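K.L.:
One structure, pasted below without further comment.
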Amino acid sequence: MKHNNQVFDNVLDLVGNTPLIKLNRITSNFEGDFYAKVESFNPGNSSKDRIALYIIEEAERRGVLKPGDTIIETTSGNTGFSIAMVSIIKGYDCILAVSSKASADKIDMLKTMGAKVYVCPAHVKADDPRSYYQVAKRLHEDMKGSVYINQYFNQLNTDAHYNSTGPEIWKQTEGKITHLVACSGTGGTISGTAKYLKEQNPNIKIIGVDAFGSVLKKYHETREFDEKEIYPYRIEGLGKNLIPTATDFDVIDEFVKVTDEESAHTAREIAKTEGMFVGYTSGAATQALKQLGEEGRFKKGDKVVVIYPDHGSRYMGKVYSDKWMNDQGFFDSVNAEASQSIQY
Ligand code: PMP
């Protein structure tokens, strides 16, 4: 039941309809108007609430899920949190197979949200029976009535954004959006949103953001999987070492690559200039936007929307820790503004 006066039946009624907030300072050197779609306003603090709710409700509509059934996924990140949240409200069990690389904080957070967490060894190949992919697959196969979200290879991930993020942005910009800048991990956000927007106006430019160390940009340009593109990097949720089928490369016009270091500094700059405390990939997306701006790619009258996928609170031990920044060497080239605390 929908209520008036901002009273809701449960947190799930608050998924989606996130605000579009004008960027006033960080883009002030460039022509055009810039807006952030701030996904941390979702109740689970990220865009992944949309896909968790959509995929689970689609399984219900198809009669696959019954009360007491189990939802399975391989993630310690935002998707895990969102699935756990939806599972609690709807009365499902939630099993998350995570890598032993995941931080203790993350595992505690998921357990707090009622998830059963299987910690699987990080340094085994994806086809090893102990890997989190194989553990999740096995649990799903053995458990009747379970749903495996499998976000990288699930078209419903993309459909969730086609049905919500895309229409919201179109309405919020009154159809005047000229560019969309969005990070690509599973590719669900950018592909679903872009598909909807391009159906309304095929001239809208869709720009994907990729990490150095990921294959997505090269694959987009050549349609070939180039293993040489793959090496470790720090930003989580952006780029990939495989080609997800949830990504529709045809609706993306181009990819821009960003570095770990510049993305980290830009994330901190968003907090200091716009007063928004957002995640590492929001820094990455804004870094891409700056690179395009510096190339003179925007003109007066353009309306550019950049997606901010999650909240800064999930990165306290990383981008927002001076120690972590120092340990990565990210303060070496900057005039060590390590925002030291002042001791009285
Ligand atoms: N940012 C963060 C923090 C994420 O967790 C993800 C999802 N992996 C993305 C960006 C990218 O979104 P998508 O998977 O829809 O491409």
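The values are calculated or read from the model by the stated rules, or taken from the named source; none is laboratory data. Computed from a predicted model, the values in this text were never measured in an experiment. Using ideal geometry, Cβ is built from the backbone for each residue, glycine included, and neighbour counts are taken over all protein chains shown. The protein model used for the area step is the full one, side chains on, heavy atoms only, and it has no ligands, DNA or RNA in it. Shrake-Rupley method; radii C 1.70, N 1.55, O 1.52, S 1.80 Å.
K.L.:
So which residues in region 252-263 are away from the ligand (no atom under 13 Å from the Cβ) and not polar (S, T, N, Q), if there are any at all?
P.N.:
D253, E254, V256, K257, D260, E261, E262, listed by residue number.
K.L.:
How many residues are polar (S, T, N, Q) and within 12 Å of the ligand (Cβ to nearest atom) if we restrict to region 235-251? I'd like the intermediate steps shown before the answer.
P.N.:
Step one: filter region 235-251 for residues polar (S, T, N, Q), giving 241, 245, 247.
Next cut, within 12 Å of the ligand (Cβ to nearest atom) only: 247.
Qualifying residue count for the region: 1.
K.L.:
Here are some residues: G166, G175. Which one is without any contact (Cβ under 8 Å) to a residue 60 or more places away in the chain, at negative phi and either within 14 Å of the ligand (Cβ to nearest atom) or surrounded by fewer than 20 Cβ atoms within 10 Å (Cβ to Cβ) (or both)?
P.N.:
Of G166, G175, the one residue that is without any contact (Cβ under 8 Å) to a residue 60 or more places away in the chain, at negative phi and either within 14 Å of the ligand (Cβ to nearest atom) or surrounded by fewer than 20 Cβ atoms within 10 Å (Cβ to Cβ) (or both) is G166.
K.L.:
Now for a different question. Please name all residue pairs, on different chains or six or more residues apart, with Cβ atoms under 6 Å, provided the first residue is in region 278-294 and is closer than 17 Å to G213 by Cα and open to solvent by less than 10 Å² (accessible area, probe 1.4 Å) and the second residue is near the ligand (Cβ under 10 Å from one of its atoms) and among the aromatic types (F, W, Y).
P.N.:
Short answer, once both residue conditions are applied: Y280/Y315.
K.L.:
Assigned to a strand (DSSP E or B), open to solvent by less than 40 Å² (accessible area, probe 1.4 Å), touching a residue at least 12 places away in the same chain (Cβ under 8 Å) and within 16 Å of the ligand (Cβ to nearest atom): does that describe V117?
P.N.:
no
K.L.:
If a residue must be open to solvent by 10 Å² or more (accessible area, probe 1.4 Å) and in contact with a Cys (Cβ under 8 Å, 6 or more places away or on another chain), how many such residues does region 178-194 contain?
P.N.:
Qualifying residue count, region 178-194: 1.
K.L.:
So which of D332, D310 is open to solvent by 50 Å² or more (accessible area, probe 1.4 Å) and of a type in the set (D, E)?
P.N.:
Going through D332, D310 in turn, just one is open to solvent by 50 Å² or more (accessible area, probe 1.4 Å) and of a type in the set (D, E): D332.
K.L.:
Here's something else I'd like to know. Report every pair of residues separated by at least 6 positions or lying on different chains whose Cβ atoms are under 9 Å apart, first residue within region 125-148 and at pLDDT below 90, second aromatic (F, W, Y).
P.N.:
Cβ pairs passing all conditions: A126/Y132; A126/Y133; D127/Y133; Y132/Y118.
K.L.:
Take K218 and decide whether it is in contact with an Asp or Glu (Cβ under 7 Å, 6 or more places away or on another chain), basic (K, R) and either at pLDDT 95 or above or on the phi < 0 side of the Ramachandran plot (or both).
P.N.:
Working: in contact with an Asp or Glu (Cβ under 7 Å, 6 or more places away or on another chain): yes; basic (K, R): yes; either at pLDDT 95 or above or on the phi < 0 side of the Ramachandran plot (or both): yes.
Judged against the criteria, K218 is a match.
K.L.:
May I pose another question? Looking only at region 178-213, how many residues end up being hydroxyl-bearing (S, T, Y), more than 13 Å from the ligand (Cβ to nearest atom) and either under 17 Å from S46 (Cα atoms) or within 20 Å of the chain's Cα centre (by Cα) (or both)?
P.N.:
Here the count works out to 1.
K.L.:
Mind counting the residues in region 314-328 that are in contact with a helix residue (DSSP H, G or I) (Cβ under 9 Å, 6 or more places away or on another chain), in a helix (DSSP H, G or I) and either modelled with pLDDT under 95 or open to solvent by 60 Å² or more (accessible area, probe 1.4 Å) (or both)?
P.N.:
Number satisfying all stated conditions: 2.
K.L.:
Quick test of your reading of the structure: P202 fulfils all but one of (1) open to solvent by 30 Å² or more (accessible area, probe 1.4 Å); (2) of a type outside the set (A, V, I, L, M); (3) assigned to a loop (DSSP other than H, G, I, E, B); (4) modelled with pLDDT under 95. Name the failing condition by number.
P.N.:
If we test P202 against (1) open to solvent by 30 Å² or more (accessible area, probe 1.4 Å); (2) of a type outside the set (A, V, I, L, M); (3) assigned to a loop (DSSP other than H, G, I, E, B); (4) modelled with pLDDT under 95, just (4) comes out false.
K.L.:
Shifting gears a bit: Among strands (runs of 3 or more DSSP E) lying entirely in region 1-103, which contain 2 or more residues that are more than 26 Å from F153 (Cβ to Cβ)? It would help to see each step written out before you state the result.
P.N.:
On the way: elements: 20-22, 33-38, 70-73, 93-99.
Counting at least 2 such residues, we get 20-22, 33-38.
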